[in-house]
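Okay, structure first, notes after.
The values are calculated or read from the model by the stated rules, or taken from the named source; none is laboratory data. All values derive from a computational prediction rather than experimental measurement. Glycine also receives a Cβ, built like all others from the backbone with ideal geometry; neighbour counts cover every protein chain displayed. Heads up: the accessible areas ignore ligands, DNA and RNA and are worked out on the full protein's heavy atoms, side chains in. Shrake-Rupley method; radii C 1.70, N 1.55, O 1.52, S 1.80 Å.
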Amino acid sequence: MAGAIRSLAAAGLRVLVQTSAAGSLDEALRPGALMLVADHLNIAQRSPLVGAAGGADERRFVDLSRAYDPALRAQALAVAHRLGIALREGVYAWVLGPQFETPAEIRWLRGAGATVVGMSTVPETILARHAGLRVLALSLVTNMAAGLSDETLSHAHTLAGAQAGGERAQRLLEAVVGALEP
Ligand code: HPA
């Protein structure tokens with residue numbers, strides 16, 4: 001994604017709005033629920049800024065203390081409230097995958113403060129912050145994480161979960177993007 005995000009920034013893009021599917025570690029966030037990413041855990045401990053993409057200068061030491069733009073998050077929460085769509089903030093834990101987690105890993109992630117777990121978003125956020133873009137990220141819960149339900153996890157299962165919240169996610173996304181300052 002390094003080339004893509006850098007090109008978008010060079011073309012004048014200022015805000016990156018991301019969407020993702022995720023597994024929930026929180027009993028109150030069921031499949032079909034939406035979560036606004038307030039922060040992340042880079043469990044993979046990989047960085048897209050290692051090597052050529054990060055360059056050799058000090059700009060690669062990117063501050064991530066407000067990686068998910070607080071003003072954009074407040075705007076998104078207000079839009080969701082206006083539309084009557086439940087939206088909660090939480091922490092997104094990034095794992096490499098492609099295999100799903102074990103129940104033990106999910107218990108560990110829960111202890112570490114994760115609300116949901118997924119295989120995307122975080123490297124893109126790091127690249128976007130490095131390029132000076134503001135970031136907003138929404139996650140659609142497609143399944144309860146490993147060990148939190150009796151269901152067998154699979155890609156098909158995640159796709160079915162995505163269907164459950166897809167229409168609401170689309171409505172929210174359209175309104176959130178529409179509310180962005182020009
Ligand atoms: N784990 C990791 N990534 C995911 C999941 C999950 O349970 N669901 C959707 N993406």
So, over other residues within a Cβ distance under 11 Å of residue 176, counting Lys, Arg +1 and Asp, Glu -1, the net charge is +2
When every protein chain stays in place and a 1.4 Å probe is rolled, 150, 69 sorted by accessible area with the largest first are 150, 69
Sorted by chain and then number, the residues having a modelled amide H within less than 5 Å of the amide H of residue 39, at least 5 places away or on another chain, are 90, 92
The size of the Cβ-based charge dipole (Lys, Arg +1; Asp, Glu -1) of the chain about the Cα centre, to the nearest 20 debye, is 360 debye
Within the range 23-73, DSSP-loop trypsin sites (Lys or Arg not before Pro) with at most 14 other C-beta atoms within 10 Å are 46, 66
Hits for the chain under the membrane-span-like helix rule (DSSP H, Cα axial span at least 15 Å, Kyte-Doolittle mean at least 0.5) are 70-83
Quick numbers on the range 87-160, Rg and Dmax over C-alpha atoms in Å, give 13.4, 43
Total charge of the residues flanking residue 89 in space, meaning their Cβ is under 9 Å from its Cβ, with Lys and Arg +1 and Asp and Glu -1, is +1
Row for the range 1-141, column shape: gyration tensor on C-alpha, a ≥ b ≥ c, rounded if a/c < 1.5 i.e. under 1.5, prolate if a/b over b/c, else oblate; value oblate
Classified through the alpha carbon gyration tensor (a ≥ b ≥ c as square roots of its eigenvalues; rounded if a/c is under 1.5, else prolate when a/b is larger than b/c, else oblate), the range 28-100 comes out oblate
Residue 109 neighbourhood, Cβ < 13 Å, K/R = +1, D/E = -1, net charge -1
Projected onto the charge dipole of the chain (unit charges on the beta-carbon of Lys, Arg, Asp and Glu, signs +1, +1, -1, -1), the Cα from 28, 80, 106 with the largest positive-side position is that of 80
